[in-house]
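Undergrad: Here it is, the structure in full.
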Amino acid sequence: MFQRFLNLPRFYKRVISVAADVIALFFALWASFSLRFDQQLWIPSKEQLVVSGLTVVFTIGLFVRLGLYRAVVRYLSDRAFLTVVGGVVASALALILLGYWLEVLVPRSVPIIYAALAFIFVSGSRMGVRMLVMRPSRHNNRERVAIVGAGETGLQLYQALEQGTEYRPVMFVSFLEANHRALINGVPVYDINHIERGVRQHRVQRLLLALDADSGVDRKRLLKQLEPLAVPVQTVPSMSELIAGQKRINDIRDLEIEDLLGREPVRPDNAQVASSLYGKSVMVTGAGGSIGSELCRQIIQHRPRVLVLFEQSEFSLYSIERELRAINQIEGLGVEIHPLLGSVVHQRRCESAMRAFGVNTVYHAAAYKHVPLVEHNVIEGVQNNVFGTLHAAEAALAAGVERFVLISTDKAVRPTNVMGASKRMAELVLQALAQRQTSTVFSMVRFGNVLGSSGSVVPLFRDQIRDGGPVTVTHPDIIRYFMTIPEASQLVLQAGSMGRGGEVFVLDMGEPVKIADLARKMIHLMGLEEKTDETPDGDIEVVYTGLRPGEKLYEELLIGDDPQGTAHPRIMMAREVFMPWEELRVTLNTLTRASQDFDCKKIIETLKAAPTGYSPNGDVADLVWCNGADEPELIQENVRKLPVV
């Protein structure tokens, strides 16, 4: 019956609301006169009936005018109840005036009693309907959640969830001991030190982080407290995302790596970065990649005159161009955006692009950086990472570019794989070019694993956990430095403005993270239990697959042990061993001939002979080389006979 009422067209619902209010107002008038005259069955006179009827008609007309019947009952706000208050006060005044004008007996206490009763009946009927409408979804099929954070963000989340049908807030968690056992909208508040008891008592199925931006909560310590609860932990968008309109308060998401690491991100010197980009022509190679695209997003906010997107993947270039044009238009930045298809190994293409747009600064993010893939494709890895950097840098010199910044990696330090060795060779190329001339400032930025990029372990672990496991870790002792994409991009921009020529900038990334511990933390924070010999009934097993080709247990950021400080407290500078240009040119010529001959073994030997610190931990793993290993001379001879295009 009630469900049939809810399914009625909007017009019929309004008619029913008006009829209910008419009855309620007449009853309030009758009750107020009865109470005043102390009669159980007061019968109004003809004149009093006329005054009552006119008062009700006036009140209904006023409610219509105030929009009370346009309000959806299940979403009634405080404003609707204020409308009812204003309407019944005006109705009581109308009763007084009508009694005075029509010379009908209306005792002075009657309008007061009437106003009180009218408010109770009109607002109470709506509140009752609202409770009936919300009650089925309030208790049935709604997941019981606890909101961690009893501030403004937590209250906004509570209000949003109350209007929805998916989650039911059953408790708040506060970081102030004085708030313990308080009530917020009837929901109990627990101090963080009593969260385990609250979760157990209220049978909480999910924890939602709703921390205010200025709460000062130690997120790392908080997650350490939440991890043993074995309840899924999620978070709500940041205040900046809410203000920008990118997210809504109830857009609940899984914990990001920033939450898991629990450390403060690197803060760039925006003034210095802005002065190096504002009004300039900037080019980003590899603009469609993980780092390159984030660089573009941050660069455009500093309003360069021109932003050149250089990318060899058509789809990646299309995606980042479309995104940047939307940002440019919405925020009115007025930046010229030019998408260019091309490869950094083609020097003439790079040089013509730099000359055409008068490029002042180049951020060189184009590289192959997936360790196993480069290990299986040695020639292409060296061509793209070493010679791509060389040709892009030579093009920058020829085009008169002021600054050239290379995005490097911690795997370039004492590398055990071709990818790391090729990136160290790229650093040596820029160091030699910095010594050879003074017209272009070359600098390098070296940092650890970028999480959220292609190949990142966090989304991989998350997918494996959702699929029921197992979670695959290469080795129980493997550790890595971690960094978010925005952090890495901010550091690159900072280094681009700080470089004087030949420096290698390194971020103080804090303590490295054990990958196996990160996997376990993700399992626990997703509300599951690790399956081990001690807990055979657990949910997710961690399986160790062994180190992949070229992979090592520990990554480093410095080759030497004497880093220098910079103006930024979290950025170090290293002037490491380098090769003079004449020596480097010989090595590059050897690599060129080996690549042309498809001699992977010669490439490995050349990289080892150069001052790269390269020490491979296995044999050559190039897929084509290995599959033709029985006849390497024949392969090389056939390659030499290929037609020249």
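The values are calculated or read from the model by the stated rules, or taken from the named source; none is laboratory data. None of the values given here were measured: they were computed from a predicted structure. Backbone-built Cβ (ideal geometry, glycine too); neighbour counts: all protein chains shown.
Undergrad: Among the residues of the range 422-438, which ones are over 14 Å from Ile407 (Cα atoms) and either of a type in the set (Val, Ile, Thr) or part of a helix (DSSP H, G or I) (or both)? Walk me through how you get there before you give the answer.
TA: Of the residues in the range 422-438, the ones over 14 Å from Ile407 (Cα atoms) are 432-438.
Within the range 422-438, Ala432, Leu433, Ala434, Gln435, Arg436, Thr438 qualify.
Undergrad: Now a separate question. Determine which member of the set Tyr368, Tyr318 is within 29 Å of the chain's Cα centre (by Cα), more than 24 Å from Ile300 (Cβ to Cβ) and assigned by TED's automatic domain parsing to the domain that holds Ala495.
TA: Only one candidate passes the filter, namely Tyr368.
Undergrad: Could you tell me whether the range 287-306 includes any residue that is touching a His at 6+ places or on another chain (Cβ under 6 Å) and not acidic (Asp, Glu)?
TA: No - not one qualifying residue is present in the range 287-306.
Undergrad: Give the residues of the range 154-178 that are surrounded by 21 or more Cβ atoms within 10 Å (Cβ to Cβ), at pLDDT below 85 and either touching a helix residue (DSSP H, G or I) at 6+ places or on another chain (Cβ under 7 Å) or in a strand (DSSP E or B) (or both), sorted by residue number.
TA: Passing the criteria: only Tyr167.
Undergrad: Mind telling me which of the residues His338, His391 ends up being of a type outside the set (A, V, I, L, M, F, W, C) and in contact with a helix residue (DSSP H, G or I) (Cβ under 6 Å, 6 or more places away or on another chain)?
TA: Only one candidate qualifies: His391.
Undergrad: Hey, another quick one. Step by step: first the residues of the range 90-118, then only those that are touching a residue at least 60 places away in the same chain (Cβ under 8 Å) and of a type in the set (Gly, Ala, Ser), then the one that is surrounded by the most Cβ atoms within 10 Å (Cβ to Cβ). Which residue is that?
TA: The extreme case among them is Ala118.
Undergrad: State all residues of the range 347-404 that are among the β-branched types (Val, Ile, Thr) and not in a helix (DSSP H, G or I); if no residue qualifies, say none.
TA: Val359, Thr361, Val362, Val401
Undergrad: Being of a type in the set (D, E, K, R) and part of a loop (DSSP other than H, G, I, E, B) is the filter here, so list the residues in the range 531-547 that pass it.
TA: Asp533, Glu534, Asp537, Asp539
Undergrad: Okay, moving on. Those residues that are touching a residue at least 60 places away in the same chain (Cβ under 8 Å) and over 31 Å from the mean Cα position of the chain (by Cα), I need them from the range 402-428; list them, please.
TA: Arg414, Pro415, Thr416, Asn417, Val418, Ala421, Ser422, Arg424, Met425, Glu427, Leu428
Undergrad: For Glu511, only one of the following conditions fails: (1) modelled with pLDDT of 75 or more; (2) in a loop (DSSP other than H, G, I, E, B); (3) of a type in the set (D, E, K, R). What is its number?
TA: Among (1) modelled with pLDDT of 75 or more; (2) in a loop (DSSP other than H, G, I, E, B); (3) of a type in the set (D, E, K, R), Glu511 violates only (1).
Undergrad: Would you check if there is a residue in the range 571-583 being of a type outside the set (A, V, I, L, M, F, W, C), more than 30 Å from Leu229 (Cα to Cα), at pLDDT below 65 and within 30 Å of the chain's Cα centre (by Cα)? Full working, then the answer.
TA: Kept after step one, since they are of a type outside the set (A, V, I, L, M, F, W, C), are these residues of the range 571-583: 575-576, 580, 582-583.
This time we only want the ones that are more than 30 Å from Leu229 (Cα to Cα), so: 575-576, 580, 582-583.
From the residues that got through so far, the ones that are at pLDDT below 65 too are 575.
With the extra rule that they be within 30 Å of the chain's Cα centre (by Cα), the set shrinks to none.
No, the conditions are met nowhere in the range 571-583.
Undergrad: Continuing with the same structure: Filter the range 282-305 for residues that are surrounded by fewer than 20 Cβ atoms within 10 Å (Cβ to Cβ) and within 14 Å of Val359 (Cα to Cα) and give the result.
TA: Once the filter is applied, which keeps residues that are surrounded by fewer than 20 Cβ atoms within 10 Å (Cβ to Cβ) and within 14 Å of Val359 (Cα to Cα), the range 282-305 yields only Arg305.
Undergrad: Hey, Gly496 hits all of (1) crowded, with 19+ Cβ neighbours inside 10 Å; (2) at pLDDT 70 or above; (3) of a type in the set (Gly, Ala, Ser) but one; which does it fall short on?
TA: (2)
Undergrad: I'm checking my understanding of the structure. Among residues of the range 369-407 that are crowded, with 22+ Cβ neighbours inside 10 Å and among the charged types (D, E, K, R), which one is modelled with the lowest pLDDT?
TA: Lys369
Undergrad: Might you let me know whether the range 185-194 holds any residue that is modelled with pLDDT of 80 or more and of a type in the set (D, E, K, R)?
TA: The answer is yes, given that some residue of the range 185-194 is modelled with pLDDT of 80 or more and of a type in the set (D, E, K, R).
Undergrad: Can you tell me which residue within the range 412-431, out of those that are touching a strand residue (DSSP E or B) at 6+ places or on another chain (Cβ under 9 Å) and closer than 20 Å to Thr285 by Cβ, is surrounded by the fewest Cβ atoms within 10 Å (Cβ to Cβ)?
TA: Glu427
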